[in-house]
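Report on the following structure.
The values are calculated or read from the model by the stated rules, or taken from the named source; none is laboratory data. Please read these numbers as outputs of a predicted model, since none were measured by experiment. As a convention, Cβ positions derive from the backbone with ideal geometry for all residues, glycine included, and neighbour counts pool all protein chains shown. Protein only, heavy atoms only, side chains kept; ligands, DNA and RNA dropped before computing areas. Shrake-Rupley method; radii C 1.70, N 1.55, O 1.52, S 1.80 Å.
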Amino acid sequence: IHTLSVGSNPIQSLAFNPTGEWIAVGSAGQLLVWEWQSETYVVRQQAHDSTMRCVCYSPDGKLLASGGQDGKIKMWDTGNGTCFVTFGDNRGPVTDLAFNAKGNAIFSSSMDGTLRGFDLVRYRNFRTMTTPSPVQFSCLALDPSGEVVCGGTMDEFSVYVFSVQTGALLEVVTGHQAPVSRLMFSPTDPILATCGWDGTVRLIDLYGRGRGAGSREVIRHGETGRDVTCAAYRQDGQELVVGLLDGSLNFWDTKELVSTGTIDGRKDMWSGRAAT
């Protein structure tokens, strides 16, 4: 449909705005916002001192957050492309970001072993969640109600579930045999999908209201070298697309847990990229 080259630096993250017209791209320390239909840059800013790890739009699309290897979280006004606040509380690289449904708070995961909540009205770190023993958080997900935040780890291969209101640790979910790379809640069901470098996606009913109390389903991608690096739900929650290290996209029916199709992304990648 469209191809965009933004330079020679690796693209660490990207995100569509809610209307699907703009794509925010984090490449090295630079923040780019690209309007793909008119093929023009909306924003082009040097955002972080080092690599940008994640970008995230607010639900109304008016704010854009970026998190960097430098431990900083920057908030951007998408109307004028300016940074209006920087949070420097994290002591390690920021690995993931998520806004709550109201857009008045943002949550971060960090390699410093914390999940943090930031108030976007008073601009302060209002909640810091840590584990009993130190871990490195690689990703996070906020449930649609905004009451629960989950963090996936690089070293323990576990998922920690916290209460946003109290900061208390509610549950530790185990099962992955390699680092957890991505977490997301279904937009329609109380199901948490966890992705790992062990080639699996695990669907977990945290509240016991979906497939059964605490039920867990596993989607396996088989062969070695097929680590799950990312995933996303379709908006109706009926399909899940899973991105693998080998460059393929796999589509799954979330009700029947059957594969519905595959796209070999390597055919669309730059021709000089090696198979490994």
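Residue-level analysis places Ser181 among those that are surrounded by 14 or more Cβ atoms within 10 Å (Cβ to Cβ), under 14 Å from the mean Cα position of the chain (by Cα) and touching a residue at least 12 places away in the same chain (Cβ under 8 Å).
Val121 - would you say it is of a type in the set (Val, Ile, Thr), within 23 Å of Asp198 (Cα to Cα) and not in a strand (DSSP E or B)? Criteria not met by Val121. Pairing each residue of the range 256-268 that is more than 17 Å from Leu245 (Cα to Cα) with any residue that is part of a helix (DSSP H, G or I) and modelled with pLDDT of 90 or more, provided the two are 6+ apart or on different chains, yields no C-beta distance under 6 Å.
I'm trying to understand the selection: among the residues of the range 28-49, which are farther than 15 Å from Lys74 by Cβ and not charged (D, E, K, R)?
Those that are farther than 15 Å from Lys74 by Cβ and not charged (D, E, K, R): Trp34, Trp36, Gln37, Ser38, Thr40, Tyr41, Val42.
Please go through the range 79-114 and give me each residue that is in a loop (DSSP other than H, G, I, E, B) and either surrounded by 20 or more Cβ atoms within 10 Å (Cβ to Cβ) or in contact with a Gly (Cβ under 9 Å, 6 or more places away or on another chain) (or both), ordered by number.
Residues of the range 79-114 in a loop (DSSP other than H, G, I, E, B): 79-81, 88-93, 100-104, 111-113.
Within the range 79-114, Gly88, Asp89, Asn90, Arg91, Gly92, Pro93, Asn100, Ala101, Lys102, Met111, Asp112, Gly113 meet the criteria.
Which ones in the range 130-168 are in a strand (DSSP E or B) and over 18 Å from the mean Cα position of the chain (by Cα)? Once the filter is applied, which keeps residues that are in a strand (DSSP E or B) and over 18 Å from the mean Cα position of the chain (by Cα), the range 130-168 yields Thr130, Ser163.
Would you pick out the residues in the range 68-78 that are open to solvent by 50 Å² or more (accessible area, probe 1.4 Å) and closer than 23 Å to Pro10 by Cα?
Taking the range 68-78 as the starting set, the residues that turn out to be open to solvent by 50 Å² or more (accessible area, probe 1.4 Å) are 69, 72, 77.
Listed by number, the residues that qualify are Gln69, Lys72.
Per this entry, Leu257 is not counted among residues that are closer than 22 Å to Val173 by Cβ, modelled with pLDDT of 95 or more and open to solvent by less than 50 Å² (accessible area, probe 1.4 Å).
The residue that is most open to solvent (accessible area, probe 1.4 Å), counting only those in the range 4-25 that are polar (S, T, N, Q) and either free of Cβ contacts under 8 Å to residues at least 12 places away in the same chain or under 11 Å from Val55 (Cα atoms) (or both), is Ser8.
Screening Pro190 on (1) in contact with a Lys or Arg (Cβ under 6 Å, 6 or more places away or on another chain); (2) open to solvent by less than 10 Å² (accessible area, probe 1.4 Å); (3) on the phi < 0 side of the Ramachandran plot shows it passes everything except condition (2). Just so you know, in the range 26-56 the residues that are touching a Phe, Trp or Tyr at 6+ places or on another chain (Cβ under 9 Å) and not in a strand (DSSP E or B) include one that is surrounded by the most Cβ atoms within 10 Å (Cβ to Cβ), and it is Ala47.
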